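Presented below is the structure to which this report refers.
The values are calculated or read from the model by the stated rules, or taken from the named source; none is laboratory data. Since we're looking at a predicted model, the values are computed, not measured. Cβ: placed from backbone, ideal geometry, glycine included. Neighbour counts: every protein chain shown. Surface areas here come from the heavy atoms of the whole protein model, side chains and all, with no ligands, DNA or RNA. Shrake-Rupley method; radii C 1.70, N 1.55, O 1.52, S 1.80 Å.
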Amino acid sequence: MLEGLRKGLSKILEKITKVELDPRKLEPIVDELKLTLLANDVAFQVAEEIGHELVEELTGLKVSRMGDRKALVKEALRKAILRTLSSGGEIDLESLIGARRAEGEPFTILFVGFNGSGKTTTLAKIAKMLKEKGFKVVLACSDTFRAGAIEQLEEHGRRLGIRVLRHRYGADPAAVAYDAVAHARARGLDVVLIDTAGRAQTDKNLMDELAKIKRVVEPDLTILVVDALTGNDAVVQAEMFDKAVGVDAVVLTKVDADVRGGAALSITHAIGKPIIFIGVGQSYDDLRPFDPVEFTDMILGPG
């Protein structure tokens, strides 16, 4: 996990510790740092900012011992990466759901994402997590487009013991979502999780359909599910969905198979929204809360 970025940055750190901490001396190594970041799917602007912050942190530092010097350089890079990963802010999902429950209203989450991103599986993982925390959950299949989508969500519901609301294929996805919210409100349920059809960049009609679902149900949270292995395309997806329908948070999937790791840095910076979970496997329990400090440690090693 993240081996490529970790190894690349480790080599850069070794080089920086051997030069005078002067902007002119640092410049060629910082350029190499930027190239390392770019090679590991970090967006150009993010790589530029991390390089600039590192130079600012290091310039003029006086260190006599090599061990201290390496620690200071590593800490400067850690600050730059952590600042980027934390730039989207935080979302306390349990508190938000609790607040809506106190108002007697269900908390509604709309899941969006490209085909193959792991959207439906991620929805099921979050459903299990919320159920285990004592929330009453219902699932809505607003993917009435893709063959097998309804059956896939119903199978998750069967395994988890959570009800799935559905209409027939070809039905209005917004109507399914609306009915699910009404069902939850009438029965005092806490959370509605709405699955939607996976989009592709050319699916304008499907994007319009997604915007309609959002207008009809006015979800409390819109979560974009992105495959970490898509690299720089993940940023394009995030920007496109944020522009088209508005994104509140991101779940990054397949992080366990991602050797580069740049998508997390780039997405947070690109849309200014937090990553709230990362997917690290296929089982329902393979979902972790995203912790910027922990993720930074995965990239650089413990401080």
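Points worth noting:
- Listed by chain and number, the lysines placed with their C-alpha closer than 26 angstrom to that of Lys79 are Lys7, Lys11, Lys15, Lys18, Lys25, Lys34, Lys62, Lys70, Lys254, Lys273; residues fewer than eight positions away on the same chain are left out.
- Between 0 and 90 degrees, the angle of helix 66-85 with respect to the longest Cα principal axis of the chain falls at about 30 degrees.
- Area accessible to solvent at Asp242, 1.4 Å probe radius, in Å²: 40 Å²
- Net charge, Val226 excluded, C-beta distance under 10 Å - Lys, Arg +1, Asp, Glu -1: 0
- Rounded tilt (10° steps) of 44-58 against the dominant C-alpha axis of the chain: 40 degrees
- Most positive-pole-ward Cα, Ala99, Met207, Gly134, against dipole of the chain from beta carbon charges: Gly134
- Cβ charges +1 (Lys, Arg) and -1 (Asp, Glu), total dipole of the stretch 98-152, debye: 200 debye
- Globularity index of the stretch 143-282, i.e. its alpha-carbon radius of gyration over 2.2 N^0.38 Å: 1.09
- Check: the chain dipole with +1 on Lys, Arg Cβ and -1 on Asp, Glu Cβ, in debye: 420 debye
- Mean shadow area of the chain, taken as a quarter of the surface of its Cα convex hull (nm²): 16.0 nm²
- For the chain: accessible area per residue (Å², 1.4 Å): 45 Å²
- Note on Lys128: aspartates and glutamates with a C-alpha under 12 Å away, same-chain residues under 8 apart excluded, are Asp285, Asp286.
- Extent along principal axes [Cα atoms of the stretch 123-203; Å; largest to smallest]: 39, 24, 22
- Farthest positive-ward along the chain dipole, Cα basis, beta-carbon charges - from Leu252, Leu33, Ala76: Leu252
- Charge dipole (the stretch 141-226, unit charges on Cβ, about Cα centre) - positive-most of Ala149, Pro219, Leu160: Leu160
- For His156, solvent-accessible area (1.4 Å; no DNA, RNA or ligand), Å²: 20 Å²
- Ligands, DNA and RNA left out, the accessible area of the chain computed with a 1.4 Å probe is 50% carbon and sulfur.
- With all protein chains modelled, accessible area of Arg83 [1.4 Å, Å²]: 110 Å²
- C-alpha long axis of helix 149-160 to longest principal axis of the chain, angle in °: 80 degrees
- Length-normalised contact order of the stretch 1-140 in % [C-alpha pairs under 8 Å, at least 6 apart]: 17 percent
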